[in-house]
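First the structure, in the form of structure tokens, and then the observations on it.
The values are calculated or read from the model by the stated rules, or taken from the named source; none is laboratory data. As the structure is a computational prediction, the values presented were derived from the model and not from experiment. Here the Cβ positions follow ideal geometry from the backbone for every residue, glycine too, while neighbour counts run over all protein chains shown. Just so you know, the surface numbers come from the protein's heavy atoms only, side chains and all, with ligands and any DNA or RNA stripped out. Shrake-Rupley method; radii C 1.70, N 1.55, O 1.52, S 1.80 Å.
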Amino acid sequence: MEGGGEGGQGDEGGGRRRKKSIRCRQLGEGSSTATTEASPAVPMEEEPVAMPGDEDEPVGPKKVRRLEGMGYGPFLRLEELAPDVALIQALKERWDPECHAFLFPWGHMVPTLEDVVRITGLRVDDQAVTGTTYTSYQEPVERLLELEVRGERSSLVQRTALQASLGVTSARRQTGEGQAEHMERMTDDARAAMAEEEGEAADRDLRRFLTLVIGKLILGTRGDPVSCRCLPLLEDLSSVGNYAWGAALLAHLFDSLGTSSRVTGVAGFFPLLQVWAYYHLPSLGRGVARRRGAVPLLQRWRFCRDERSLRRQVMLIHGAMDTIPFGHVQWTHYVGEDDATQPWVERGRPYFGRDIWLHCYNTVVPLHHRLVARTLGLHQAVVEFPTRQRLWERPGRSFQGIQQVTDWTVRLDPEGRIPSLEGVLHSTIQQRDDLQAVVDQLRGELERAQQMVGGASSFREDPGRSVLEGQLAAATARAEDALSQLREREQELRTALVRTTVLEAEMAELRLRPEAAE
């Protein structure tokens, strides 16, 4: 399994091959403070890819500052998490491709944008990760990376070539070499290749590094090569930090979960699934808490080693999921988190709790947040996500993005932007109606409590009634405040929808004028 590439593979034999792990080291450090964790006793096929090559990737101080400014700092400071292949496979077999959510006996559950932000530190706000896909990426790879793609019609570049360009070809620890000596050699090798001065050389090295991070970790592919479909978005390095790479990570992961369950593992950043399950389903006992208070939250967990065969583990996990008491499922585990230490959470907060379309190049999938409304403390009911009326069909999985040059920003407008706004508006209206019903119920309970307190001869005779009245009053005030916010959000969406519809009509009219002139 690749560190962020795929969830790994296993068989009945338990496993004697080398372990796989995801490791992202401290920026600017030659060595990590992470402790090597025990790996699951299941066989893996690929060598792990960390940041990069399962080793530290030393980056100069100037590049550290640029990466921090792009919003990658929290993600690149993540430490290793050994893959829980059995848990990932069990979750994959619970995936409902129609709803894009996991299906459990108690209802649907799904990782949300808030989970992505808190667990990985990647941003989910601002511009969607989309643009133009090409039949071949040879030209941008040669121009921006000074490398070559694997074939004439390919978006992949060899990982070894990319690592070599960063000066870490011989990244494996030598026999008898200690950790300190190994990291010192790694640092010396990489510093010789990584340009510290500003200019074209520094920009080229930074693009190579980002291609490895994005193509192998955030939006990882199966196998050893690294996807370079992100290159068009890396051409202007000043705008790289404006993209919602966390939302793209979730879209890519959802798309990978929809593959056949006979294929073990997933392409994408699998640690998100692990830590999400550790928080929501703690009774499975698959994760062990560590480092209280560390952020992003991925750093608070390690995998609990299991020596049993992969098949046996998967069967036991499914059995446990089928029998978990409802009260043991955690829905609001982020309550009490100190958001002041996680500024990336505040930036993404406007996108939490909404049904929204997730973009990753030519992949667009829905996030059905209303299917998991219990995370908001609301009643959870099955709802139908608005259907997108498209005039085009999505290409088959084997040919995504390489069958023709396609500008997906154009293909998604107007077929994408207006229906997406309509979908979010529809979801907001339903949430408003549900919350209005809750407010009405609370108001009725409060009136009854007030009448009961008013009928008592004194508070001393029944002090519990006054306490109940106070609790109901506080709950009603909170619900009314939330309802007011939802109404404001609804009005903002209606205004945005009107503006977008008018804009699209004007654009359509402008497109028709040349045709009429002809």
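Residues of the range 297-313 that are farther than 28 Å from VAL117 by Cα, open to solvent by less than 20 Å² (accessible area, probe 1.4 Å), part of a helix (DSSP H, G or I) and of a type outside the set (S, T, N, Q): LEU310 alone.
Determine if the range 222-232 includes at least one residue that is open to solvent by 10 Å² or more (accessible area, probe 1.4 Å), modelled with pLDDT under 95 and out of contact with any helix residue (DSSP H, G or I) (no Cβ under 8 Å at 6 or more places or on another chain). Yes, because at least one residue in the range 222-232 is open to solvent by 10 Å² or more (accessible area, probe 1.4 Å), modelled with pLDDT under 95 and out of contact with any helix residue (DSSP H, G or I) (no Cβ under 8 Å at 6 or more places or on another chain).
Of the candidates LEU273, LEU316, the single residue that is assigned to a helix (DSSP H, G or I), assigned by the TED database to the domain that holds HIS100 and over 15 Å from the mean Cα position of the chain (by Cα) is LEU316.
Residues in the range 276-291 that are in a loop (DSSP other than H, G, I, E, B), touching a residue at least 12 places away in the same chain (Cβ under 8 Å) and open to solvent by 10 Å² or more (accessible area, probe 1.4 Å) were compared, and the one that is farthest from ILE218 (Cα to Cα) is GLY285. Cβ-Cβ contacts under 6 Å between residues 6 or more apart (or on different chains), taken from a first residue in the range 195-207 that is in the same structural domain as GLU142 (by the TED database) to a second residue that is at pLDDT below 90 and part of a loop (DSSP other than H, G, I, E, B), are listed as GLU196/GLY60; ALA201/ALA195; ALA202/ALA195; ASP205/MET194; ASP205/ALA195. For LEU272, indicate whether it is open to solvent by less than 30 Å² (accessible area, probe 1.4 Å), touching a Pro at 6+ places or on another chain (Cβ under 7 Å) and at pLDDT 90 or above. The answer is yes for LEU272. Pairing residues of the range 85-99 that are under 13 Å from VAL110 (Cα atoms) and touching a residue at least 12 places away in the same chain (Cβ under 8 Å) with residues that are open to solvent by 10 Å² or more (accessible area, probe 1.4 Å) and among the aliphatic types (A, V, I, L, M), at Cβ distances under 7 Å and at least 6 apart in sequence or on separate chains, gives ARG94/LEU103; ASP96/LEU103. Applying the set (1) surrounded by 16 or more Cβ atoms within 10 Å (Cβ to Cβ); (2) at pLDDT below 80 to SER457 leaves exactly one unmet item: (1). Considering (1) within 28 Å of VAL329 (Cα to Cα); (2) open to solvent by less than 10 Å² (accessible area, probe 1.4 Å), say which one HIS108 fails and leave the rest. Going through (1) within 28 Å of VAL329 (Cα to Cα); (2) open to solvent by less than 10 Å² (accessible area, probe 1.4 Å) one by one, HIS108 breaks only (2). Against the numbered list (1) part of a helix (DSSP H, G or I); (2) of a type outside the set (S, T, N, Q); (3) closer than 21 Å to VAL116 by Cα, GLY220 comes up short only at (1).
For the range 74-131, enumerate the residues that are of a type in the set (Asp, Glu) and at pLDDT 90 or above.
Residues of the range 74-131 of a type in the set (Asp, Glu): 79-80, 84, 93, 96, 98, 114-115, 125-126.
Matches in the range 74-131: ASP84, GLU93, GLU114, ASP115.
It is to be established whether one or more residues within the range 330-348 are touching a residue at least 40 places away in the same chain (Cβ under 8 Å), outside the structural domain of LEU113 (by the TED database), surrounded by 15 or more Cβ atoms within 10 Å (Cβ to Cβ) and charged (D, E, K, R). Yes, because at least one residue in the range 330-348 is touching a residue at least 40 places away in the same chain (Cβ under 8 Å), outside the structural domain of LEU113 (by the TED database), surrounded by 15 or more Cβ atoms within 10 Å (Cβ to Cβ) and charged (D, E, K, R).
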